[in-house]
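In what follows, a single structure is set out as structure tokens and then discussed.
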Amino acid sequence: MAAIIRLSSVCRAGVKPWSFFQSTLLARPAVVLHKEHLQPHRLTARIHSSQPLYAGSDSKASLHWTAERVLSIALLALGPVAYFSPGPVIDYSLAAALTLHGHWGIGQVLTDYVHGDTKIKMANAGLFLLSTVTFAGLCYFNYNDVGICKAVALLWSK
């Protein structure tokens, strides 16, 4: 609660709150007393903050965030619909929604934990390949086999 009050008092003073999350402010030295000499030793650590995906455009980030939430709610709705009325339309909708949901989720993990330009490009290429193979595999399963809805129903029946 004290942090909320303190941040709100800073915001009223004209300080921009996003300036606290810049990488220069995230590297702070800590002072530790050494037991033998009782002299302070400076310890520094670097905290990696994730890169902004849409640095110049707040509307694209906001639309992406909204799309993620809409897709999550749609997946919640597709569960009961798939159970009560399975069919090809629901199967392909599940294939697309599950693949997109997984793609966005793994993309956020990569954004947070992969650093370096080459590593980011390789990770994103791998993610696109994984998402493409996943969607193609689910569509193949829907077309040539019983489909996602019936497969889950068969798993639950045994």
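The values are calculated or read from the model by the stated rules, or taken from the named source; none is laboratory data. Note that the structure is a prediction, hence the values are computed from the model and not measured. Every residue, glycine among them, receives a Cβ derived from its backbone with ideal geometry; neighbour counts consider all protein chains shown. Ligands, DNA and RNA are stripped out before the accessible areas are found, and what is left, the full protein with its side chains, is counted by its heavy atoms. Shrake-Rupley method; radii C 1.70, N 1.55, O 1.52, S 1.80 Å.
The table for this structure:
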| item | result |
| --- | --- |
| Residue 66 vs. criteria touching a Phe, Trp or Tyr at 6+ places or on another chain (Cβ under 7 Å) and modelled with pLDDT of 80 or more | no |
| Residues (within 20 Å of residue 133 (Cβ to Cβ) and loosely packed, with under 13 Cβ neighbours inside 10 Å) located in the range 55-107 | 105 |
| Within the range 105-119, tally of residues that are in contact (Cβ under 8 Å) with a residue 40 or more places away in the chain and assigned to a helix (DSSP H, G or I) | 2 |
| Residues located in the range 114-128, provided they are open to solvent by 90 Å² or more (accessible area, probe 1.4 Å) and either among the aromatic types (Phe, Trp, Tyr) or within 18 Å of the chain's Cα centre (by Cα) (or both) | 119, 121, 122, 128 |
| Selection within the range 129-158 - in a helix (DSSP H, G or I) and surrounded by fewer than 11 Cβ atoms within 10 Å (Cβ to Cβ) | 129, 144, 154, 155, 156, 157 |
